[in-house]
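The block underneath contains the structure these notes are about, expressed in structure tokens.
The values are calculated or read from the model by the stated rules, or taken from the named source; none is laboratory data. Just so it is clear, the structure is predicted and the values come from calculations on it, not from any experiment. Neighbour counts run over all protein chains shown; Cβ positions are idealised from the backbone, glycine included. Ligands, DNA and RNA are stripped out before the accessible areas are found, and what is left, the full protein with its side chains, is counted by its heavy atoms. Shrake-Rupley method; radii C 1.70, N 1.55, O 1.52, S 1.80 Å.
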There are 2 protein chains.
Amino acid sequence: VFDTLPQARAADSEGPGNYREVVITIAELGEFGLIAAITTKFGDDVAGLEVGVGDDAAVILAPDGRVVATTDMLIEGRHFRRDWSSAADIGHKAAARNLADIAAMGAVPIALLVGFAGPGHLAVEWVLDLAAGIAAECSVAGAKVAGGDTSRAELVIVSITALGDLGGAAPVRRSGARPGDVVAIAGAGSLGAAAAGLALVESGVLARQAEAGLAASPELLDLVNSHRRPRPPYAAGPEAVRLGATSMIDVSDGLIADLGHVADASGVLIDLTASKLAVEPVARPAALRLAASQVGASDWLTWVLTGGDDHVLVATFPADVVLPASWSEVGTVTKGHGVALDGQIWSGTGGWDHFRS
Amino acid sequence: VFDTLPQARAADSEGPGNYREVVITIAELGEFGLIAAITTKFGDDVAGLEVGVGDDAAVILAPDGRVVATTDMLIEGRHFRRDWSSAADIGHKAAARNLADIAAMGAVPIALLVGFAGPGHLAVEWVLDLAAGIAAECSVAGAKVAGGDTSRAELVIVSITALGDLGGAAPVRRSGARPGDVVAIAGAGSLGAAAAGLALVESGVLARQAEAGLAASPELLDLVNSHRRPRPPYAAGPEAVRLGATSMIDVSDGLIADLGHVADASGVLIDLTASKLAVEPVARPAALRLAASQVGASDWLTWVLTGGDDHVLVATFPADVVLPASWSEVGTVTKGHGVALDGQIWSGTGGWDHFRS
């Protein structure tokens, strides 16, 4: 119901007593009322914030003497659809994309700034659910919403900046992978899940099953949820620092594409082992195979290799590292250039390019 | 020419030798090519950046152990029009709005993160001019572009986050104004200029004069430039800290509206003196009067009182302050609530509300 226009929604909700639910739009509430309402969703705990929402700028404690910062924009119709994801889902995802980038530097997320724009007819409730989703994802990662900006636009835009703290450690860059390192992934079972979930939503197969009264398989619903709310392994970022990671990146464009950035920046060849990628806990082969059969895809491994938006972390470590259970070894680093699968340079679709795709 | 679509532009530029100028669009260049091209506009000076553009996140030195952070989104059609402002103008303005918020806390701007979205048919040159405008405004304020994000959208969106450093000082908040304080403005001659300049552009009067072969008055052109490129007095922010400012805000919604936020947060009445507002160097009365006569406005003082987007700084100081020439006294703080002009509570239009206006 989150995508229903207020007018349609008010009409739908006329009850037997001729009761008409009142839906307040953001145009009716106005900018300052909306900001006040949103702020209630961010909670009272302002530890780490010297100045939070409500001034010209926030003042955030950065005890390390450096701050890690990243920004990312989600645009309706491009990054999400309001009839495919709830407002809370979109909030979780917008926050997670940015918080994962902080973790991928080896830092702990500390604060988020949120830019929001939307049409005047949007229900206030929708925006508050979005804010609650952002706040909930922040809680998972240990960050606070420190400030933001609201504006009007014909479509919903969520622009987020995340800040993080390195706690005295050196940032883990893309450029430090060395021949002899091992490649490992944190983010149990997520690789390819978001892409498979999106394919399921796009195909409409689950909606048709629901209409026919058939219960959807829990495995498939979980893939759809992975598309709607990625679950980045935030704690694995600082953990990788302690394990001596030589490079790290979060998988947002696809495993091959993102490892391509690491290979380019480091001047190395990264060789993935298919048999290590296509098993639990790296990916969920059974669920992915089932999804492929449901949507008529001939191949499920492509989701694992090129699916974007999972936001797992992939890092390289010296060969003698002893990896805890949160990290799964999936390949090795050698001399050369590019990314290979079982020794063959990958030549398929590499991932997303936002202006071409 | 910045707003010309590539197709139209290529056709226009067919020369006598049947030469056709090749305009490269951002769809043709692709996301990674565009990012590489934009990055060249940000310069080689990376002092203050441990990690700049090109990794999952930037790492920015914040020697104070706190970071000041603000974010703001500019949306085509709402905050700017590509036929009224050049790409460089839009870049300057997008950066200035955020950098001014940093100065309004009493901090020195250190870094900017830039989110950009635009249509695939946009000329790469337009985006590079936008990036150059952002970089140039950063240079004025002493900040660096540390990172960003690009995406595709049907219209141009520029979302900026600015970070700043307090250098050990306490932030100047909106809530510290006390009865007995004086009110002062920094930003010589800018108050009302952006609103008058926008009215001139909207009226089309200068365009019609140009078509008739008449030269526009330099005063009016300067007002239009104030609308296109606000000139916030960045250095006056930290200066206000040294002068003992008790509260400070930047004028983005209008003087009355923004002082209303200070009055509300501080629990005081702010009384402005009209004769001190309507003179150089606070405003430019002659230019504003001329603009009012050109666009048929009955009143030019309303621009001074309610015009947004000038990004001057307005602060309160203890009564015994000795203000340097960069600050002009324009009123006093007393017991009470709200904002008054010559003792009369203001009841006109208070400023912008993005969802209602």
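Remarks
- Among beta bridges that DSSP assigns inside the protein assembly as shown, antiparallel share in %, nearest 5: 75
- Nitroxide proxy distance, nm - points 7 Å out along Cα→Cβ at residue A:22 and residue B:323: 4.5
- Buried area at the A:B interface is about 5500 square angstrom, summed over both chains, from accessible surfaces computed with a 1.4 angstrom probe.
- In terms of its Cα atoms, region A:265-325 spans 41, 27, 20 Å along the principal axes, sorted from long to short.
- Using 0.36 nm per residue and subtracting the Cα-Cα separation, the extra length available between residue B:289 and residue B:154 on full extension is 44.7 nm.
- With DNA, RNA and ligands ignored, accessible area of residue A:327 (1.4 Å probe; Å², nearest 10): 10
- Rg ratio for region B:173-327: its Cα radius of gyration over 2.2 N^0.38 Å, N being its residue count, equals 1.10.
- Highest mean packing first, where packing is the average number of other Cβ atoms within 10 Å per residue, the peptides B:305-313, A:197-205, B:53-61 line up as B:305-313, B:53-61, A:197-205.
- Our analysis of chain A gives Rg over Rh at 1.00, with the two radii drawn from alpha carbon positions and Rh computed by the Kirkwood formula.
- Value at 222 nm in deg cm²/dmol, rounded to 500, when DSSP H runs of n ≥ 4 in the protein assembly as shown each add -39,500 (n - 2.57): -10000 deg cm²/dmol
- Percent of C-alpha pairs per 5 Å bin, region A:62-103, short to long: 5, 20, 25, 18, 14, 8, 5, 4, 1
- In range of the label at residue B:345: residues from region B:256-293 whose backbone nitrogen is under 15 Å from the point 7 Å along Cα→Cβ: B:260-261, B:263-264, B:267-272
- The convex hull defined by the C-alpha atoms of region B:11-143 has an orientation-averaged projected area of 10.0 nm².
- Take each residue in A:73-83, count the other chain C-beta atoms within 10 Å of its C-beta, and the mean is 3.
- Percentage relative contact order, region B:115-242, counting C-alpha pairs under 8 Å, at least six apart: 26
- At 0.890 mPa s and 25 °C, Stokes D of region A:219-263 from Kirkwood alpha-carbon radius, µm² per second: 198
- Accessible carbon and sulfur surface of region A:211-337 relative to its total accessible area, %, 1.4 Å: 55
- In the assembly of identical copies, residue B:215 has its label point, taken 7 Å from Cα in the direction of the beta carbon, separated from the corresponding points by 8.4 nm (ascending, one decimal).
- Average accessible area per residue (Å²) across the protein assembly as shown - probe 1.4 Å, nucleic acids and ligands excluded: 38
- Residue by residue along A:153-165, Cβ atoms of other protein chains within 10 Å of the local Cβ number 6 on average.
- Across chain B, Cα pairs under 8 Å and at least six residues apart give a relative contact order of 21 percent.
- Mean projection area, nm², convex hull over Cα of region B:90-210: 11.0
- Teacher prompt: residue B:78 distances to equivalent labels in other copies, 7 Å Cα→Cβ, nm: 1.4
- Calculated P(r) of region A:170-261 - Cα pairs past 16 Å, %: 63
- Rg [Å, one decimal], Dmax [Å, integer] - region B:244-357, C-alpha atoms: 14.2, 43
- Exam field: residue A:45 pseudo-label spacings to other copies (7 Å along Cα-Cβ), nanometres: 4.2
- Rg and Dmax over the alpha-carbon atoms of region A:290-351 stand at 14.6, 43 Å.
- Other protein chain Cβ atoms within 10 Å, averaged over every residue that makes up A:44-51: 2
- Our analysis of the protein assembly as shown gives Rg over Rh at 1.00, with the two radii drawn from alpha carbon positions and Rh computed by the Kirkwood formula.
- Rg then Dmax, both in Å and based on the Cα atoms of region B:78-155: 12.8, 41.
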